[in-house]
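A.B. asks: Attaching a single structure in structure tokens format; questions to follow.
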Amino acid sequence: MFWFLLITMVVVVAAVTLAVVGGGDSEVLPEVAPEQLVDPLPLARPVDRADVEALRLPVAARGYRMADVDDVLVRLGAELAERDARIAELEEALAGPDGGPGPGGGSDFGPGTAAGGAEGERP
């Protein structure tokens, strides 16, 4: 039994050694080009929820590539700031110059009401 285990172990070590060395000039595992972020975020229009959900960042040896993550976060932060500024601008225009109701004569939406419905009612 001892000789059988010894011969089996020698055969396994020899097979692993040949597999690692490859026995020839060709590489066992070819070099793989590093993953690059192909920016799926649209440049011609604002980013929406589906774009963010479809975003897949390339993985590096120790997690995600920090430069790619930083680029995406800067882009999303800029778009959110732009949207916030636009919302503030529209709210200011809706409020009118004196802070009261705008040119429409008032809003149908009171605090806690949804789109002209009763308080707490969903549209």
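Each value in this text was obtained by applying a stated rule to the coordinates, not by laboratory testing. Everything numeric in this text was worked out from a predicted model, so none of it was measured. Don't worry about glycine lacking a Cβ; one is built from the backbone with ideal geometry, like all the others, and counts go over all protein chains shown.
A.B. asks: At 7 Å along Cα-to-Cβ for each site, give me the label-to-label distance between Ala95 and Leu80 in nm.
C.D. replies: Output for this residue pair reads 2.3 nm.
A.B. asks: Considering amide H positions built from the backbone, and no H for Pro or chain starts, which residues 5 or more places from Ala60, or on another chain, come under 5 Å of its amide H?
C.D. replies: Residues meeting the criterion, in which the H sits 1.01 Å from N, are Arg65.
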